[in-house]
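The values are calculated or read from the model by the stated rules, or taken from the named source; none is laboratory data. All values reported here derive from a predicted model rather than from experimental measurement. FYI the Cβ positions are ideal-geometry reconstructions off the backbone, even for glycines, and counts take in every protein chain you see. Surface accessibility is based on the protein's heavy atoms, side chains included, excluding ligands, DNA and RNA. Shrake-Rupley method; radii C 1.70, N 1.55, O 1.52, S 1.80 Å.
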Amino acid sequence: MRGVLDRASGGAWHGGLALGSMLTFILVAAALLSFVWTPFPHAAMDIRNKLAPPDMTHWLGTDQFGRDVLSMMLVGARNSILVAVVAVVIGAGIGIPLGSTAAWRGGWVDELIMRMSDFAFAFPALLSAVMITAIFGPGAVNSIIAIGIFNIPVFARLTRGSSLPVLQRDMILAARLAGKGGARISIEHVLPNISAVLIVQATIQFALAILAEAGLSYLGLGTRPPEASWGRMLNEAQTLMVLAPHLAIFPGLAIVLSVLGLNLLGDGLRDMLDPALRHQGRM
Amino acid sequence: MILFFVRRLFTLMLTLLAASLVVFIVLELLPGDPAAVILGINAEDDTLAALRAEMGLDRPVHERYLAWVGDLLRGRLGRSYTYDVPVGELIAERLPVSLPLAVMAMGLATLFGIPVGAWAAARRGTVGDTLVMATSQLGVAVPNFWFAILLILLFSVRLGWLPAGGFAGYDEGLLAGLASLLMPAFALALPQAAILARLTRSAVLEALREDYVRTARAKGLERRRALIRHALPNALIPVVTVMGLQFSFLLAGTIIIENVFYLPGIGRLIFQAIAQRDLTTLRDLVVLLAATVVIVNFIVDLLYLWLDPRLRRGRG
């Protein structure tokens, strides 16, 4: 699905890469900062100061328990990144070997792997993620697994699709004549040639994982308290919308800016690494 | 053509079979005895055994699977533990919420996405095009439930134009009912419209480079008409496929959006079934949802053939 999007970018906006890198940098910096410093301890309650609008002490205000919104958002950034990184690593770690195998083995192995990934695509990912977290209990780890599983077919398909043309090249024939096996050829010759496409896709999956984590947490199936999460902050904010609209604004903005940044970074990287990529290796 | 149809139909069956198997196995893994969940912790052993027998839980797994699939094929759905009514009834109650919601969202996404995308393609490189692309980039990044919250903030809390949640029902007329679905439909449609706009733009740009468009222009057809008559229909082929895929995203999106607006629809039913460990309901709902997605994509594939005569001949 996203592959289609990327094609659409068409480099309409040259500042995209710069803005994307900047937003991604801020996201990562906020997450790292939360390890050493937050304005207040993120789970510390201060009932007397509840639902305070943004001021000089609490820059982004406080929630219904008097917790500092900025501190919670910094910790939330850490949490979003953690879930997204592990989910993408799971997807790439299993999907890339599967896709490579499908590409060099061909035949029934290829057919089987591709049909399985078709099947995974046919299932609405969010529905399955909701089911998985519901069955194994809510929590960050289970939402990572749920999101990770649906990254597998994305990477499997992309790897297979981009590997096939590389496998046609003369160097592969030479490697084969030198007695190298399929797995070694994939690792030494094919993967280095398609790494750009994979990195770009990883950026985009990263953005989607952040969205998915926010959705699961919003439904109460993701990260559990006292760990802060943007999705859950929005859930809690919804009942307080009349009293404290600021609670519903900031976490949402954080999600949008993070996802926007990663998407722009992904599109920009693609254009920079190889303009021809835009017409290749879509899902 | 017929061969292609038969092959696709065969894969469709196979996918549905696999889906039912996966759902069954996954829910089978669920810890806890459903009979114990219903009766609570103070249940006597023999009452428990009786209920297990009544629910067929004492039979071997494969028998239960076959019985369930057999029932599904005959159109017989299970009975919900928590509501103690047939699942079919639950679905029938909720469909008048979810179906119009999904159709409205898809309609809105198409209505905005495709014309805007084509418009941007025709004005490639202008300020308008850049603005459309930037907006759509933003639209993809906005989580639909947050957009929903913003809509509520503006239209319900600030302006008081629309109800913040709940479903009015159709008792006071069709429009009153549909009005409570308007904000949810917009929230669901936003990311889809953004995706459609980007995709349409790129597909039209690609089609505009094709020889047939050049020929049409060379014949003296003005740019606008060449775009609408020749480029757009061809560009719509990949767009239609993506719309099929989007349908499944839309269905899944209803789980979140119906929760945001407290709408008594299928998505909320699924969520409640999960929360209440209502396995019969969950199992039937998930398989039906998967079936809907697979069948919609099957229809899209057929549409594809109809839209693109080249494929029709190619498949022989």
| task | Among the helices (runs of 4 or more DSSP H) lying completely within the range B:28-111, list those that include at least 1 residues that are outside the structural domain of residue B:264 (by TED's automatic domain parsing) and basic (Lys, Arg). | result | B:45-54, B:61-73
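Give the number of residues within the range A:103-141 that are in contact (Cβ under 8 Å) with a residue 60 or more places away in the chain, open to solvent by 20 Å² or more (accessible area, probe 1.4 Å), in a helix (DSSP H, G or I) and within 13 Å of chain B (Cβ to nearest Cβ). Break it down stepwise before answering.
Filtering the range A:103-141 down to residues in contact (Cβ under 8 Å) with a residue 60 or more places away in the chain leaves A:103-105, A:125-126, A:129-130, A:133-134, A:138-140.
Cutting the leftovers down to open to solvent by 20 Å² or more (accessible area, probe 1.4 Å) gives us A:104-105, A:125-126, A:138, A:140.
Then drop every residue that is not in a helix (DSSP H, G or I), which leaves A:104-105, A:125-126, A:140.
Still in the list and also within 13 Å of chain B (Cβ to nearest Cβ): A:125-126.
Selection size over the range A:103-141: 2.
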| field | Near pairs, Cβ below 8 angstrom, 6+ apart or cross-chain, from the range A:17-33 (part of a helix (DSSP H, G or I)) to any residue that is loosely packed, with under 15 Cβ neighbours inside 10 Å | value | A:17/A:272
| query | Does residue A:202 meet the test of being away from chain B (no Cβ under 14 Å) and either hydroxyl-bearing (Ser, Thr, Tyr) or within 30 Å of residue B:148 (Cα to Cα) (or both)? | reply | yes
| Conditions: (1) in a helix (DSSP H, G or I); (2) in contact (Cβ under 8 Å) with a residue 40 or more places away in the chain. Residue A:243 meets all but one. Number of the miss? | (1)
| field | Condition check for residue B:207: more than 27 Å from residue B:118 (Cβ to Cβ), at pLDDT below 85 and in contact with a helix residue (DSSP H, G or I) (Cβ under 6 Å, 6 or more places away or on another chain) | value | no
| said: Here's a check for you: in the range A:222-240, which residue that is part of a loop (DSSP other than H, G, I, E, B) and open to solvent by 20 Å² or more (accessible area, probe 1.4 Å) is farthest from the other protein chains (Cβ to nearest Cβ)? | reply: A:226
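Between B:79, B:52, which is surrounded by 13 or more Cβ atoms within 10 Å (Cβ to Cβ), touching a strand residue (DSSP E or B) at 6+ places or on another chain (Cβ under 7 Å) and of a type in the set (D, E, K, R)? Full working, then the answer.
Details: B:52 fails: touching a strand residue (DSSP E or B) at 6+ places or on another chain (Cβ under 7 Å).
Checking each option against the conditions leaves just B:79.
Report yes if residue A:222 is under 21 Å from the mean Cα position of the chain (by Cα), farther than 18 Å from residue A:68 by Cα, modelled with pLDDT of 85 or more and of a type outside the set (Val, Ile, Thr), otherwise no.
Spelling it out, it is not the case that residue A:222 is under 21 Å from the mean Cα position of the chain (by Cα), farther than 18 Å from residue A:68 by Cα, modelled with pLDDT of 85 or more and of a type outside the set (Val, Ile, Thr).
Taking residue B:129 as the residue in question, decide whether it is at the interface with chain A (Cβ under 10 Å from one of its Cβ atoms) and closer than 26 Å to residue B:227 by Cβ. Show your work before the answer.
On the way: at the interface with chain A (Cβ under 10 Å from one of its Cβ atoms): yes; closer than 26 Å to residue B:227 by Cβ: yes.
So residue B:129 fits the description; yes.
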| Total residues in the range B:239-287, condition more than 17 Å from residue B:191 (Cα to Cα), hydroxyl-bearing (Ser, Thr, Tyr) and open to solvent by 20 Å² or more (accessible area, probe 1.4 Å) | 2
| note | Per the filter on the range A:23-67, residues open to solvent by 60 Å² or more (accessible area, probe 1.4 Å), touching a Gly at 6+ places or on another chain (Cβ under 8 Å) and of a type in the set (Val, Ile, Thr) are A:26, A:47
| Test for residue B:153: is it farther than 26 Å from residue B:274 by Cα, crowded, with 18+ Cβ neighbours inside 10 Å and more than 14 Å from chain A (Cβ to nearest Cβ) | no
| Mind checking whether some residue in the range A:247-257 is more than 8 Å from chain B (Cβ to nearest Cβ) and modelled with pLDDT under 90? | yes
| field | Filter pass, residue A:159 being of a type in the set (S, T, N, Q) and open to solvent by 10 Å² or more (accessible area, probe 1.4 Å) | value | no
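Restricting the search to the range B:60-76, which residues are open to solvent by 100 Å² or more (accessible area, probe 1.4 Å) and either closer than 21 Å to residue B:276 by Cβ or among the charged types (D, E, K, R) (or both)?
Step one: filter the range B:60-76 for residues open to solvent by 100 Å² or more (accessible area, probe 1.4 Å), giving B:62, B:66, B:73-74, B:76.
Hits for the range B:60-76 are B:74, B:76.
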| query | Consider residue B:252 against the criteria (1) within 12 Å of chain A (Cβ to nearest Cβ); (2) touching a residue at least 24 places away in the same chain (Cβ under 8 Å): it satisfies all of them except one. Which criterion is unmet? | reply | (2)
| query | Which of the residues belonging to the range B:109-126 are at the interface with another protein chain (Cβ under 9 Å from one of its Cβ atoms) and surrounded by fewer than 18 Cβ atoms within 10 Å (Cβ to Cβ)? | reply | B:124, B:125
| Restricting the first residue to the range A:187-202 and requiring it to be more than 15 Å from residue A:101 (Cβ to Cβ), which pairs with a second residue that is assigned to a helix (DSSP H, G or I) and open to solvent by 30 Å² or more (accessible area, probe 1.4 Å) meet a Cβ separation below 6 Å and a spacing of at least six or different chains? | A:196/A:273; A:200/A:269
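Can you name every residue in the range B:207-227 that is among the hydrophobic types (A, V, I, L, M, F, W, C) and in contact (Cβ under 8 Å) with a residue 60 or more places away in the chain? Let's see the steps before the verdict.
Looking only at the range B:207-227, we keep the residues that are among the hydrophobic types (A, V, I, L, M, F, W, C), and these are B:207-208, B:213, B:216, B:218, B:221, B:226-227.
Scanning the range B:207-227 gives B:208, B:227.
Kindly provide the set of residues from the range B:189-242 that are of a type in the set (Asp, Glu) and within 12 Å of chain A (Cβ to nearest Cβ), ordered by number. Spell out how you get there, then give the answer.
Step one: of the range B:189-242, the residues of a type in the set (Asp, Glu) are B:206, B:210-211, B:222.
Of everything in the range B:189-242, just one residue is of a type in the set (Asp, Glu) and within 12 Å of chain A (Cβ to nearest Cβ), namely B:206.
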